[in-house]
């Protein structure tokens, strides 16, 4: 019997199941479900979407009744919290994996954290700018890729990837993975056009 050749079959065969995590339990305590896990960082500055976009998505999620957890790692050292959310900063990968596996939705840039989210079966949206998503996307059927229409060495500006487009993708992904047909997002065009 050989290894799967289809990317989705390979992802399913390699899926990680994180062990119980008291750190994740403690972080979840007091949060209102559904929970959006957001990783606005990435090792390379050019791979990062404008933080203002992440702030808009977090605000949208909270306005719908959910909670947000911000994820930061070594690449974000020294950066102040921007989302007004409880943080998971520099956690061991096993605890971070537990957080990602529990989240109702994940949003992040092209990064190692996004690959970990895919490996634990998280549903969500991964933002790509300068790198080729066809080659470097996380291998996971529950994560969708959203590519920017431009960008530069300083990152992905809102003009290249408008917040309304990201919110629409998040709303669709959440509805599809939760079986909720209501993808109505007041104030945002769900067609994906900006």
Completion exercise
Within the stretch 162-188, the count of residues that are modelled with pLDDT under 95 and outside any helix (DSSP H, G or I) comes to 10
Handout entry: Filter result (surrounded by fewer than 22 Cβ atoms within 10 Å (Cβ to Cβ) and over 12 Å from the mean Cα position of the chain (by Cα)) within the stretch 122-142
Key = 130, 131, 132, 133, 134, 135, 136, 137, 139, 141
Handout entry: Residues (touching a helix residue (DSSP H, G or I) at 6+ places or on another chain (Cβ under 8 Å) and over 19 Å from residue 117 (Cβ atoms)) located in the stretch 127-161
Key = 130, 151, 152, 153, 154, 155, 158
Exercise for the section: Give the stretch 148-161 a look and list any residue that's surrounded by fewer than 14 Cβ atoms within 10 Å (Cβ to Cβ) and at pLDDT below 90, or say none. Expected result: 149, 150, 152, 153, 154
Problem - Qualifying residue in the stretch 20-33 (condition: part of a loop (DSSP other than H, G, I, E, B), in contact with a strand residue (DSSP E or B) (Cβ under 9 Å, 6 or more places away or on another chain), buried (at least 17 other Cβ atoms within 10 Å of the Cβ) and touching a residue at least 40 places away in the same chain (Cβ under 8 Å)) - result: no
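What number of residues within the stretch 48-59 satisfy the criterion of being crowded, with 22+ Cβ neighbours inside 10 Å and in a helix (DSSP H, G or I)?
Restricting attention to the stretch 48-59, the residues satisfying the condition of being crowded, with 22+ Cβ neighbours inside 10 Å are 48-49, 53-54, 57-58.
Still in the list and also in a helix (DSSP H, G or I): 53-54, 57-58.
Number satisfying all stated conditions: 4.
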Exercise for the section: With respect to residue 145, determine if the residue is within 14 Å of the chain's Cα centre (by Cα), crowded, with 17+ Cβ neighbours inside 10 Å and not in a loop (DSSP other than H, G, I, E, B). Expected result: no
Exercise for the section: Collect the residues in the stretch 118-142 that are at pLDDT below 90, touching a strand residue (DSSP E or B) at 6+ places or on another chain (Cβ under 6 Å) and in a helix (DSSP H, G or I), keeping them in residue-number order. Expected result: 133
Completion exercise
For the stretch 80-112 the number of residues that are surrounded by fewer than 24 Cβ atoms within 10 Å (Cβ to Cβ), under 14 Å from the mean Cα position of the chain (by Cα) and assigned to a helix (DSSP H, G or I) is 4
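Might you check whether a residue that is free of Cβ contacts under 8 Å to residues at least 40 places away in the same chain, touching a helix residue (DSSP H, G or I) at 6+ places or on another chain (Cβ under 9 Å) and over 17 Å from residue 36 (Cα atoms) occurs anywhere in the stretch 95-109? So that I can check it myself, show each step before the final result.
Within the stretch 95-109, the first condition is being free of Cβ contacts under 8 Å to residues at least 40 places away in the same chain, and the residues that meet it are 96.
Within this subset, residues satisfying the condition of being touching a helix residue (DSSP H, G or I) at 6+ places or on another chain (Cβ under 9 Å) are 96.
Filter once more, keeping what is over 17 Å from residue 36 (Cα atoms): none.
No: the stretch 95-109 contains no residue that is free of Cβ contacts under 8 Å to residues at least 40 places away in the same chain, touching a helix residue (DSSP H, G or I) at 6+ places or on another chain (Cβ under 9 Å) and over 17 Å from residue 36 (Cα atoms).
Residues that are outside any helix (DSSP H, G or I), surrounded by fewer than 15 Cβ atoms within 10 Å (Cβ to Cβ), touching a strand residue (DSSP E or B) at 6+ places or on another chain (Cβ under 7 Å) and touching a residue at least 12 places away in the same chain (Cβ under 8 Å): does the stretch 67-77 have at least one? Reasoning before the result, please.
Applying the first criterion (outside any helix (DSSP H, G or I)) to the stretch 67-77 yields 67-73, 77.
Of the ones still in play, those that are also surrounded by fewer than 15 Cβ atoms within 10 Å (Cβ to Cβ) are 77.
Okay, now just the ones that are also touching a strand residue (DSSP E or B) at 6+ places or on another chain (Cβ under 7 Å), so none.
So far as the stretch 67-77 goes, no, none of its residues is outside any helix (DSSP H, G or I), surrounded by fewer than 15 Cβ atoms within 10 Å (Cβ to Cβ), touching a strand residue (DSSP E or B) at 6+ places or on another chain (Cβ under 7 Å) and touching a residue at least 12 places away in the same chain (Cβ under 8 Å).
The values are calculated or read from the model by the stated rules, or taken from the named source; none is laboratory data. Model, not experiment: these values are computed from the prediction. Glycine gets a Cβ as well: all are built from the backbone with ideal geometry, and neighbour counts include every protein chain shown.
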